[in-house]
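See below for the structure under consideration.
The values are calculated or read from the model by the stated rules, or taken from the named source; none is laboratory data. What you see is a predicted model; the values in this text were computed from it and never measured. Cβ atoms come from the backbone with ideal geometry, glycine included; neighbour counts cover every protein chain shown. Accessible surface is based on the protein model in full, side chains and every heavy atom, while ligands, DNA and RNA are left aside. Shrake-Rupley method; radii C 1.70, N 1.55, O 1.52, S 1.80 Å.
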Amino acid sequence: MAAPAPPPPDPQFVLRGAHSAVHALHFCDGAEGRPLLLSGSLRGLVHVWSLETRRPLTALDGHGGQCVTWLHTLPRGPQLLSQGRDLQLCTWDLAEGRNAVVDAVRLESMGFCRASVLAEGPQRWMVAVPGRGNDEVQVLELPSKTSVSCLKPEAGARLGMPMCLQLWQAESSSRPLLLAGYEDGSLALWDVSTRKVCSRVACHSEPVMGLALDPRRARGVSGSAEKALAVWSLEGQQALQRGPGSPSPGRWASTHLGLTNPGIADVKIRPDSKILATAGWDHRVRVFQWRTMRPLAVLAFHSATVHCVAFDTAGLLAAGSGDQRISVWSLYPPT
Amino acid sequence: MDPVASAVRLEVQEAVHILSSSEDGGHIVSTLQSLRRYLGETETQAPPGEQEEFSRTHFSTVLRCVVGKLSPNWLDLLPDGQLKELWASFFLEGPADQAFLVLMESIEGAASPSFRLMKMAQLLARFLSAGRMAAVMEGQCGQQAGPASRLLQETLLTRVVGLPDRLGNRLQREMLAAFFPQNYFPLLGEEVLRVLQAVVDSLRGGLDCSVSFLSQVLGKACVHGRQKELLGVLVPRLMVLTQGNCLWQRVCWRLVECVPDQAMEAVLKGLVEAAPGPEVLSRLLGNLVTKSKKAQFVMTRKLLFLQYSCSTPVLQSLLGYLAMDSQRRPLLVQALKELLETWGSSSAIRHAPLEQQRYVSKAVLICLAHLGEAELRACRDELLASLMDGVKNRLDSSLPPVRRLGMTVAEVASARLHPEGPSLKFQYEEDELTREILALAAPWPMPDGPSEAGLPVAPVGGESPDQETVDGGGPQAGREGSDSELDSDDELVPYDMSGDREQRNSKTPAYVRDCLEALTASENWERWEAALQALEGLVLKSPAATREVSLELAKVLLHLEEKTVIAGFEGLRQRALVAVTVTDPARVLVLAAQELSRPGCLRRAAQQGSPGPGSQPSVAAVPAWQAVVEERVRRKTRRFCKGSAGWAAAAGPNEFNAVAGYFFFPLLQRFDRPVVTFDLLGDDQLVLGRLAHALGALMYLAVNTVVAVSMGKALLEFVWALRFHRDAYVRRGLLSAISSVLLSVPAERLLADLPDELLEARSWLADVAEQDADEDCRLLAVKALLVLEKLRDRLLPLSSP
């Protein structure tokens, strides 16, 4: 007989002191390989947390008090990219204790869409951001800030605003692809160089709030305002497929995985592709086994909406919530 | 005077004289041998004219004479039993009918037990084993029926069929095995087959033959209840012989046609049961139902409506037989109409035993499966009308099996009658019966279709679903296999996720009064739900606070309506009510009983009860709720020993004593006062049945209380007033109430206070146990009678000095 399930886990530690709701989280390696956690708050500050002392090292103020929605570090420097609701995409230089904005890109869209970045070569990056038109996605090259392409759905598509983006390059090909979730609940796979939609599938009936992709398996998961997660697969990089209902064989038993409460704000897959975490509007973080989508844990620690989750390479899970706290969990440590 | 006749007569007279007077063995033998010349078996034959004259006029005289001489001494006149052989040969070789009659006559006339009787019986056994019975019957086949021969046939018929009985009467314990019915009738069957073979042969030869005597034998044997023995031999052989042989088929049809009317039912029932399928039945009977009124009556009315003993395969072959020929199909349509009418008639639903209702339902479905689209369309309106009436009547019934029958049959029938329309779908739990019924609904191939030679259709129809499930199971098994393979290296152990509930935004009330307020006044549905969910815990936590508002709370809960879709509403409400009742039993119970007796509350219960067949949430909650109350009360009652339920277990004081009457009497008070919206004695019989059951349960729980005697008295009056209620469910409730009274009220008090009521109840119980249409009622009555018997047994030793 199966042993009784262990009681729900507690967070390893909790970071307090952001003083406003946490909307973005990102793990990175600081100086001398010390792990850092970056968090973006509603009030426009980016906090840099030391995971050793569990205290904030600095707070970066570059978005004029507007919410920071997305954080990402580039290996050079290190450099930090931060996206804020003040329509700025800022580049920070954090090397050797510096903390100044070195560059900024003016964004065109007021939407909720978070950017996505892809390394194109040494010192060259491609970043996808919401574009000028309501339904456009713009792809820029950094650090030159030149526009590579503008992805605009065909006239009658009525996809609505892009809600989440994921740039991606398959190992076998050199063509960058962009996966975008739209307001109407559909996912589209763009070929960035030809600016064409490779395929599109309607996954949700509500706007797609977050998506995560496992490039090795060409399979991903997305969450929306609905009471369910959608699991889908990209086969041959050309077709976007969902579940066994599609004509070509799919291994996934179900497309939609029901949840207890509606609303998913963010989805992340751990770098080793073992587990997946969702940030829920119901204040809970849910952990699933990625391969089978078996529910593993429900982390009910926060007392407000969880806005974002992040994994680091060592397997730590961080969740940022509207209750101004960041909880850090160590679950199923990678072997 | 014919010279031949007189010569023969002289000869016979002399021989008879010698036989009756002579003591000389040699003389007797020579006389007998000279008589044998007339039988034509010896080398010196008498002329044919003389032979005929002898066998027609003198044979029986001679036989009677030799029978009369039979004695041990007489047979010993010659050594080695020569005389015996010679004597027997007269019976075995002469005209069989006369020999048989003389044999039977002498057996019946012989003193029992005696030497002669045994000899004759043994001779009759030889007669049978030599196959002479075939000769007896064959002799009747060629003859035209004159009045004399009809008399002879009649006599023969009685003897042939009644042989085992007559022999049994005479021989008593000396009975020979050959005459046992289980041996004799199969032999008779073989003989009938031989005669039929002879008939067929002579028809081939162009001779006229009549099988009416055989039909009479068949009919009489079946009337005597020997269908199994006789037809068990006949039908399998006839099945083979009639296959592809028109002559045999015609003989067979004729055989059944000539069966006298009064025996037709027995024969047909036997045939339908013995035939392995509709094809065989069709070969054996032909279009009998269109030719014979009696046969039609038996096949389309008696076996369908008046009896219900046939098994399902038998029913299938019966209806399949009707469906197999275009001339018979109108009968099938007619039968379907009548079946549906019976199926849906409210009086039949109420009075017919459940077994019969199942039988009729099965018959309806088999008919539907046999009929084609076009035939159904022709009478669709009529069928639909009686179907809809029937569904309504059935759903009104208070017995779940009756309702379920209504639902299954209605689903299948409406799908067949109205294939293009929206399909009717009920919610019910599947059980053995519904599965069996649904399996019957698979359509049968039309008779004109390509026929599978000799293959019964039923197994083919039965196999295909299996095939499908096997096919369907393949990929599933494969998928499971791959899944388990994926999971095999799974090391991630899930944490406990039981705390993962639906999230609510509003705060749960913290006090009972808050809950009360939220339930009555709140327009905030989340708060309302939270209040309902928290109520039980709060009530149990703070009994003092609850007692202050117990009446209001109970009233609110009783009248609570499900305003939002909340999971487990009934359960939540019930648990909260139970908690309130346990906290403040006396006041709440009185209130509950009053509220339940008032039209407002019960009307709602009745309304909710009507739409959902199979689920009467509110009505069902009434007794279940009480049972839970009582269960709680009982659980809180401390008992020192917990024996089996019943009077033996009662040791400690029953704490139910304090509250037993509070609920019981108000509930009982007003059952007979109809109001506009609610009439317990009228249409709301389901509620009345629940009431009777609930009162019985309360009575049973009131064992060892002071109030039990008066409760018992009141309950007996209640039962008495309703004892002839037409609804079986109500009667069941009354019967269980009687049992509760007998179990709960002390026996001495029963006898002292209620002797007349007991006597009346007893005679009523005896009536019900014998005559009630409902099986459960009979069973309950028998149980109650047993309880009564036990009471008496217990009292008798006390009263006897």
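Note on A:His47: accessible area approximately 10 square angstrom, rounded to 10, probe 1.4 Å, nucleic acids and ligands left out.
Note on A:His19: accessible area is roughly 120 Å² with a 1.4 Å probe, heavy atoms of protein only.
Ordered by solvent-accessible area of protein heavy atoms (1.4 Å probe), largest first, the residues B:Ser345, B:Ser21 come out as B:Ser21, B:Ser345.
Provide a list, ordered by number, of residues in region A:284-302 showing at least 20 Å² less accessible area with every protein chain present than when their chain is taken on its own, using a 1.4 Å probe. Relative to the lone chain, where solvent access is computed with a 1.4 Å probe, region A:284-302 loses at least 20 Å² at A:Arg284, A:Gln289, A:Arg291, A:Thr292, A:Arg294, A:Pro295, A:Leu296, A:Val298.
Counts of other chain beta carbons within 10 angstrom of each beta carbon in peptide B:24-37 average 0. Here the protein assembly as shown is treated with +1 on each Lys and Arg Cβ and -1 on each Asp and Glu Cβ, and its dipole about the Cα centre works out to around 2340 debye. What the phi angles of region A:59-74 give under the Karplus curve with 6.51, -1.76 and 1.60, with θ = phi - 60°, is a coupling list of 10, 9, 10, x, 10, x, x, 8, 4, 8, 9, 8, 9, 7, 10, 9 Hz, glycine and proline written as x. With a cut-off of 14 Å between beta carbons, the residues surrounding B:Glu789 carry a summed charge of +4, where Lys and Arg count +1 and Asp and Glu -1.
Taking every residue in A:259-272 and counting other chain Cβ atoms within 10 Å of its Cβ, the average works out to 1.
Dipole of region A:267-335 computed with +1 at Lys/Arg Cβ and -1 at Asp/Glu Cβ about the Cα centre; of A:Ala279, A:Gln324, A:Gln289, farthest Cα towards the positive end is A:Gln289. For the chain pair A and B, buried accessible area totals roughly 1900 Å², probe 1.4 Å, rounded to the nearest 100.
Pairs spanning more than 21 Å between alpha-carbon atoms, out of A:Lys268/B:Lys507; B:Lys302/B:Lys392; B:Lys269/B:Lys362: A:Lys268/B:Lys507; B:Lys302/B:Lys392. Between the C-alpha center of region B:355-396 and that of region B:210-228 there is a gap of 36 Å. On a per residue basis, the convex hull of the C-alpha atoms belonging to region A:107-244 measures out at 102 Å³. A Cβ-based charge dipole, computed about the Cα centre of chain A with Lys and Arg at +1 and Asp and Glu at -1, lands at about 480 debye.
In this view, the solvent-accessible surface of A:Ser20, computed with a 1.4 Å probe and all protein chains in place, comes to about 10 Å². Panel note: the C-alpha atoms of the protein assembly as shown, placed on their principal axes, show extents of 156, 86, 58 Å (largest first). Among A:Leu179, B:Leu519, B:Ala125, whose Cα projects farthest towards the positive end of the dipole of the protein assembly as shown, with charges put on the beta-carbon of Lys, Arg (+1) and Asp, Glu (-1)? Value computed over the given set: B:Leu519.
Averaging the sequence gap over all C-alpha pairs within less than 8 Å and six or more residues apart, then dividing by the number of residues, gives chain A a relative contact order of 13 percent.
Positive end of the dipole of the protein assembly as shown (Cβ unit charges, origin at the Cα centre): among B:Leu70, B:Ala96, B:Pro755, the Cα lying farthest that way belongs to B:Pro755. Ranking B:Met137, B:Met497 by solvent-accessible area of protein heavy atoms (1.4 Å probe, all protein chains present), from largest to smallest, gives B:Met497, B:Met137. What FRET efficiency comes out for the pair B:Arg792/B:Gln182, r = Cβ-Cβ distance, R0 = 51 Å, nearest 0.05? Calculated transfer efficiency: 0.70. Taking all protein chains together and a 1.4 Å probe, the residues B:Arg527, B:Arg501 rank B:Arg501, B:Arg527 from largest to smallest accessible area.
Expressed as a whole percent, the accessible surface of the protein assembly as shown that belongs to carbon and sulfur atoms is 52, based on a 1.4 Å probe.
Here the 3J(HN,Hα) profile of region B:576-593, calculated from phi with Karplus coefficients 6.51, -1.76 and 1.60 at θ = phi - 60°, is 5, 4, 4, 4, 4, 4, 5, 5, 9, x, 4, 5, 5, 5, 4, 4, 4, 4 Hz, Gly and Pro shown as x.
With protein chains left intact and a 1.4 Å probe, residues in region A:107-244 average 41 Å² of accessible area per residue. Close amide H pairs (under 5 Å, H built 1.01 Å from N) link A:Thr58 with A:Val48, residues at least 5 positions away or on another chain.
Shown in residue order for region A:187-193 are the 3J(HN,Hα) couplings computed by the Karplus curve 6.51 cos²θ - 1.76 cosθ + 1.60 at θ = phi - 60°: 10, 10, 9, 9, 8, 5, 6 Hz (x for Gly and Pro). Sorted from greatest to least, the principal axis extents spanned by the alpha carbons of region A:1-67 come out as 58, 30, 16 Å. Computed over neighbours whose Cβ is under 12 Å from that of A:Ala265, the net charge equals +2, Lys and Arg +1, Asp and Glu -1. Only the Cβ atoms of Lys and Arg (+1) and of Asp and Glu (-1) were treated as charged; on that basis the dipole of region A:15-171 about its Cα centre amounts to roughly 420 debye. How much net charge surrounds B:Leu716 when only other residues with a Cβ under 12 Å from its Cβ are counted (Lys, Arg +1; Asp, Glu -1)? Around B:Leu716, the charge tally is -2. In terms of packing, defined here as the mean over residues of other Cβ atoms within 10 angstrom, the peptides B:326-335, B:573-582 line up highest first as B:573-582, B:326-335.
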